[in-house]
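Here's the structure we're looking at; comments come further down.
The values are calculated or read from the model by the stated rules, or taken from the named source; none is laboratory data. Predicted, not measured: the structure shown is a model, and the values here were computed from it. FYI the Cβ positions are ideal-geometry reconstructions off the backbone, even for glycines, and counts take in every protein chain you see. Ligands, DNA and RNA are excluded from the accessible area calculation, which covers all protein heavy atoms including side chains. Shrake-Rupley method; radii C 1.70, N 1.55, O 1.52, S 1.80 Å.
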Amino acid sequence: MNGLMMDQSLLVKSIMEFAEKVNPDVEIVSVTADNPCHRYTYKEAFQRARQLANVIAGWGLSHGDRIATLAWNDYRHFEAYYAIACSGYVSHTINPRLFPEQVEYIINHAEDQWVFTDRDFVPLLEQIAGACPGVKGWVVLTDAAHMPATSLANVHCYETLMAGASEEYSWPDLDENAACALCYTSGTTGNPKGVLYSHRSTLLHAYASLMPDVLGLSCKDVVLPIVPMFHVNAWGNPYACPMTGAKLVFPGSKMGDGAELTRLINEEGVTMSAGVPTVWLGLLAHLRDSGERIDSLQRIIVGGAACPQSLMKEMDTHGVETRIGWGMTEMSPLGSINSLKPEVMDLPEAELDTLRLKAGRPVFGVDMKITDDDGNELPWDGVAYGSLKVRGPWICSSYYKVDESDAHAEAGWFETGDVATIDPHGYMAITDRTKDVIKSGGEWISSIDVENAAMGHPRVAEAAVIGRFHPRWSERPLLIVVRDKGGEDLTGEEVLQFLEGQIAKWWIPDAIEFIDEIPHTATGKIQKVALREMFKDFEFSG
Ligand code: AMP
């Protein structure tokens, strides 16, 4: 017997319609290239989304066609998210920090029909436009006064298009499984792969993200998504905030600018923010130098890469709760989040710190397991480590236009490529990427733990560990360090001594190299492949 409930599709347009009725006056504040402080409301944003839908309707596209954006976090990008997806097309967010050849590959692979771009990325697009014959036109997200001179063909000014468009538009009733957004992974090897989100998956993910132990958002929150809207849809914030009526503050191109972030936090009363560790390190360095405070900020979500303990502890001194999250482009991205269970609250400080640094417990909707090399499931004892696999309604079932992938080898599961432990409380900890695992004498060393310990040294700005060939142990860890400002005379011995007692003795790296900068991927992860290439001729002495 079926239930007698209304059969209503889960569509992204419902977020707009709800927010316009229930949270119309809540503000969206943005920094843009043409305005340091743009301010309007959800009501105005969604009114403009209807105007934009009318503009797009004039392009003669078919439902399901892809429309790309290369843009920072701001209100025009927000309008594009909703207008594209809710009028039946797929909003394809492109990471502008990728190499031009990768952007070109992605535009062609996705068969993007039109591209919305910020002014900053016009030169990049001019380089590759000739190799993207499928693109019918380009729209620069600015007003007429700030239109750049460009060699792009069929280029339009966003505000000029909008000025002539009607505010009347009736959003179509789409299938909830229709695609609404597309994001390519920032893989460090091979071509990026496309992950195609549906209206249903996006809505379920946004619901889940609101839960108290996840992002815990409410109408009292002021949210600053520092994580880019081209990095897994800013971790769902642009969908979750209008659902609950939280105010949104978009930092535009200023996400790496500690002074500007501090200003936004204080002037707008930001309570919650989300971003990768690098942005927090930048913000903390600014606070240290300036002596400024960020008193309104209650919690931050740190994800995308391992969070150093020093970052978490320094945030503690500002009264900011650090919640570590783990996820992937393939998972929309939320997989787990670290909020403390009552039974662990009274652990001694050192033990609690170790626990708080873990990637957290699975979010309802994500089923996870760890398996050994033969695919056998491993216990949740906090010791056994294995390949982390997940399944759930917002996890990709296959990549876009890819017939088969190793990640989907086990039916019904997605293999994340991460190696993890899960403890009896359900807290999962990422120890490595499968490809980065270091095996010394057959035993495994967690590069993330070693990196974290090294970064606790006050004169270490960043640290990375890679495995290098060793004649006796087959592989041993090499520590690569960037000295912090004022750490010019920091020696290798000093760092290695500092590690003693913090990690197992045999995990202590056999050698240390200092470099000026550690290479990062376009989403802020340490590029181990590049480091291994840089140190390919390295030999341990003795
Ligand atoms: P992306 O698809 O760019 O979001 O990257 C996903 C990958 O980032 C994961 O598979 C992990 O390797 C890494 N990652 C994300 N969150 C964390 C975390 N909290 N700790 C360690 N690695 C993480």
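Quick look at the numbers
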{"quantity": "Out of L297, L287, L283, sole residue that is part of a loop (DSSP other than H, G, I, E, B) and open to solvent by less than 30 Å² (accessible area, probe 1.4 Å)", "calculated": "L297"}
{"quantity": "Segment 486-532: number of residues that are β-branched (V, I, T), assigned to a strand (DSSP E or B) and within 16 Å of the ligand (Cβ to nearest atom)", "calculated": "1"}
{"quantity": "Residue pairs meeting the criteria (Cβ under 7 Å; at least 6 apart or on separate chains; first on the phi > 0 side of the Ramachandran plot, in segment 99-118; second of a type in the set (D, E, K, R) and surrounded by fewer than 23 Cβ atoms within 10 Å (Cβ to Cβ))", "calculated": "none"}
{"quantity": "Elements of type strands (runs of 3 or more DSSP E) contained in segment 1-94, each with 2 or more residues being open to solvent by less than 10 Å² (accessible area, probe 1.4 Å)", "calculated": "27-32, 66-70, 90-93"}
{"quantity": "Close pairs (8 angstrom Cβ cut-off, 6 or more residues apart or separate chains): in the same structural domain as I430 (by TED's automatic domain parsing) and without any contact (Cβ under 8 Å) to a residue 40 or more places away in the chain in segment 349-369, part of a helix (DSSP H, G or I) and away from the ligand (no atom under 14 Å from the Cβ) anywhere", "calculated": "L352/V344"}
{"quantity": "Cβ-Cβ under 7 Å pairs, at least 6 apart or on other chains, segment 516-542 side over 14 Å from F469 (Cα atoms), far side modelled with pLDDT under 90 and of a type in the set (D, E)", "calculated": "K528/D436"}
{"quantity": "E451 being on the phi < 0 side of the Ramachandran plot, open to solvent by 40 Å² or more (accessible area, probe 1.4 Å) and acidic (D, E)", "calculated": "no"}
{"quantity": "Criterion (in the same structural domain as R50 (by TED's automatic domain parsing), at pLDDT 95 or above, touching a strand residue (DSSP E or B) at 6+ places or on another chain (Cβ under 6 Å) and more than 22 Å from T202 (Cα to Cα)) met by exactly one of A144, A163, A80", "calculated": "A144"}
{"quantity": "Residue that is within 16 Å of the ligand (Cβ to nearest atom), in a helix (DSSP H, G or I) and under 30 Å from A407 (Cβ atoms), where the choices are T322, T354", "calculated": "T354"}
{"quantity": "Condition check for S273: outside the structural domain of P24 (by TED's automatic domain parsing) and surrounded by fewer than 17 Cβ atoms within 10 Å (Cβ to Cβ)", "calculated": "no"}
{"quantity": "Some residue of segment 147-154 being modelled with pLDDT of 95 or more, within 27 Å of the chain's Cα centre (by Cα) and among the β-branched types (V, I, T)", "calculated": "no"}
{"quantity": "Residues within segment 255-270 that are in a helix (DSSP H, G or I) and out of contact with any strand residue (DSSP E or B) (no Cβ under 8 Å at 6 or more places or on another chain), tallied", "calculated": "7"}
{"quantity": "Selected residue (criterion: farthest from the chain's Cα centre (by Cα)) from residues of segment 195-225 that are surrounded by fewer than 21 Cβ atoms within 10 Å (Cβ to Cβ) and under 20 Å from G88 (Cα atoms)", "calculated": "R200"}
{"quantity": "Residue in segment 404-419 that is among the hydroxyl-bearing types (S, T, Y) and in a loop (DSSP other than H, G, I, E, B) present", "calculated": "yes"}
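Residue-by-condition table, conditions (1) out of contact with any strand residue (DSSP E or B) (no Cβ under 9 Å at 6 or more places or on another chain); (2) of a type in the set (A, V, I, L, M):
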site: P471; (1), (2): yes, no
site: E475; (1), (2): no, no
site: L478; (1), (2): no, yes
site: V482; (1), (2): no, yes
site: K485; (1), (2): no, no
site: E494; (1), (2): yes, no
site: L499; (1), (2): no, yes
site: Q502; (1), (2): yes, no
site: P509; (1), (2): no, no
